[in-house]
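Encoded as structure tokens, here's the structure I'll be asking about.
The values are calculated or read from the model by the stated rules, or taken from the named source; none is laboratory data. Not measured: the values here are computed from a predicted model. When we count neighbours, we look across all protein chains shown, and the Cβ atoms used for this are built from the backbone with ideal geometry, even at glycine.
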Amino acid sequence: MTSTSESRLQMAWVGLAHFWRNYIHLSAVIILEFRQWLTMILSISVLLNLGMVFAFSFISGSREPELGRYFVSGAAVMSLVTLGVMMVAQDMAQSRRNGAILYYASLPISKTAFILAVVTGNGMAAIPGMIITLLVGSWYFGFSVALNPLMLAVVPLSAVSLAGVGAAIGLGIPNWRVAGLVAQATMFFIMFFAPVMIPLERLPAVLQYTGMVLPPTYAAQAFRAALQPEITAMLLRDIAILAVFGLGSLAIVARTLKWRLE
């Protein structure tokens, strides 16, 4: 009985080590693919984020610090939405179209490691835009930023949960053009009809309920809470919900991903 348990434990350890190697190597490949486009992606991400911050401040006609904290944190989360939903969806759809999925299928790799590597590459591309948005936005609205150590959990969990949506779109819609349009529509829906840039209480009742089942809602709430030094029960709750969304989306996408050329 003891030898059987030890054997299972050893097999689990070997499997975990194999998964980790897959993830590290695939992440390096995905990140290196970003090199030629990194400057353009960062520029567009920063300009889009700051444009949203300034536009919402002009619409509201206010530069109050509390209002600014809401707009800036929402715009920072929109960086993850843009790259996590739209870019991942387009990457997945394009990979099916050009045969990259078929290439990865020929390698002895884990599907989950592949999905997570794509998420990591897009998430890392979003981080510089988030930092610049926070710095410029805090200066513009005049509020201080005291980062919570749990921010180190909020950002990756938000990226994984949001990228699961993007991967589902890219893999679930056969036509890559339609997948891109759906991803863009999803991004704009999150911007205007989810409590990311707009407070929950200002949305219609039906959108308040739909917001409860959308990962960006909890990503935005956790991000705002993590701009304060206190560790609150609500912050821990939002992190737990993001973890459930992230693990669930990875599991679903990995199980439904078909290693085949469309």
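Suppose the filter is of a type outside the set (Ser, Thr, Tyr), touching a helix residue (DSSP H, G or I) at 6+ places or on another chain (Cβ under 8 Å) and modelled with pLDDT under 80; does Met191 pass it? Reasoning before the result, please.
Working: of a type outside the set (Ser, Thr, Tyr): yes; touching a helix residue (DSSP H, G or I) at 6+ places or on another chain (Cβ under 8 Å): yes; modelled with pLDDT under 80: yes.
Yes: the conditions hold for Met191.
Examine region 172-185 for a residue that is buried (at least 22 other Cβ atoms within 10 Å of the Cβ) and at pLDDT 80 or above, and state whether such a residue exists. Please lay out each step first, then the result.
Keep residues of region 172-185 that are buried (at least 22 other Cβ atoms within 10 Å of the Cβ), which gives 179, 183.
Now restrict to residues that are at pLDDT 80 or above: 179, 183.
Scanning region 172-185 turns up at least one residue that is buried (at least 22 other Cβ atoms within 10 Å of the Cβ) and at pLDDT 80 or above.
Next question, about the same structure. Quick check, is Ala185 in contact (Cβ under 8 Å) with a residue 24 or more places away in the chain and either assigned to a helix (DSSP H, G or I) or within 18 Å of Gly123 (Cα to Cα) (or both)? Spell out how you get there, then give the answer.
Working: in contact (Cβ under 8 Å) with a residue 24 or more places away in the chain: no; either assigned to a helix (DSSP H, G or I) or within 18 Å of Gly123 (Cα to Cα) (or both): yes.
Considered against the rule, which asks whether it is in contact (Cβ under 8 Å) with a residue 24 or more places away in the chain and either assigned to a helix (DSSP H, G or I) or within 18 Å of Gly123 (Cα to Cα) (or both), Ala185 comes out as no.
Additional query: Given the residues Leu235, Leu227, which is the only one that is closer than 29 Å to Ala146 by Cα and either of a type in the set (Phe, Trp, Tyr) or modelled with pLDDT under 85 (or both)?
That would be Leu227, the only listed residue that is closer than 29 Å to Ala146 by Cα and either of a type in the set (Phe, Trp, Tyr) or modelled with pLDDT under 85 (or both).
Is it true that Ala167 is in a helix (DSSP H, G or I) and either modelled with pLDDT under 80 or among the acidic types (Asp, Glu) (or both)?
Numbers: in a helix (DSSP H, G or I): yes; either modelled with pLDDT under 80 or among the acidic types (Asp, Glu) (or both): yes.
Answer is yes for this residue.
Only one residue in Gly123, Gly142 is of a type in the set (Gly, Ala, Ser) and surrounded by 17 or more Cβ atoms within 10 Å (Cβ to Cβ), so which one is that?
Only one candidate passes the filter, namely Gly123.
Can you confirm whether region 74-85 contains a residue that is out of contact with any Asp or Glu (no Cβ under 7 Å at 6 or more places or on another chain), over 23 Å from Met151 (Cα atoms) and not aromatic (Phe, Trp, Tyr)? First the steps, then the outcome.
Our first condition is that a residue be out of contact with any Asp or Glu (no Cβ under 7 Å at 6 or more places or on another chain); within region 74-85, this holds for 74-85.
Then drop every residue that is not over 23 Å from Met151 (Cα atoms), which leaves none.
No, because not a single residue in region 74-85 is out of contact with any Asp or Glu (no Cβ under 7 Å at 6 or more places or on another chain), over 23 Å from Met151 (Cα atoms) and not aromatic (Phe, Trp, Tyr).
With the requirement that a residue be of a type in the set (Ser, Thr, Tyr) and outside any loop (DSSP other than H, G, I, E, B), what does region 46-99 give you? Give the steps one after another, and end with the answer.
Keep residues of region 46-99 that are of a type in the set (Ser, Thr, Tyr), which gives 57, 60, 62, 70, 73, 79, 82, 95.
Once the filter is applied, which keeps residues that are of a type in the set (Ser, Thr, Tyr) and outside any loop (DSSP other than H, G, I, E, B), region 46-99 yields Ser57, Ser60, Tyr70, Ser73, Ser79, Thr82, Ser95.
Test of understanding: among Gly142, Gly180, which residue is over 19 Å from the mean Cα position of the chain (by Cα) and in contact (Cβ under 8 Å) with a residue 12 or more places away in the chain?
Working: Gly180 fails: over 19 Å from the mean Cα position of the chain (by Cα).
Selected residue: Gly142, the only one of Gly142, Gly180 that is over 19 Å from the mean Cα position of the chain (by Cα) and in contact (Cβ under 8 Å) with a residue 12 or more places away in the chain.
Looking only at region 105-120, count how many residues are crowded, with 17+ Cβ neighbours inside 10 Å and either touching a Lys or Arg at 6+ places or on another chain (Cβ under 6 Å) or in a loop (DSSP other than H, G, I, E, B) (or both). Break it down stepwise before answering.
As a first pass, look at region 105-120 and keep what is crowded, with 17+ Cβ neighbours inside 10 Å: 109-120.
Adding the requirement that they be either touching a Lys or Arg at 6+ places or on another chain (Cβ under 6 Å) or in a loop (DSSP other than H, G, I, E, B) (or both) leaves 109-110.
So the count comes out to 2.
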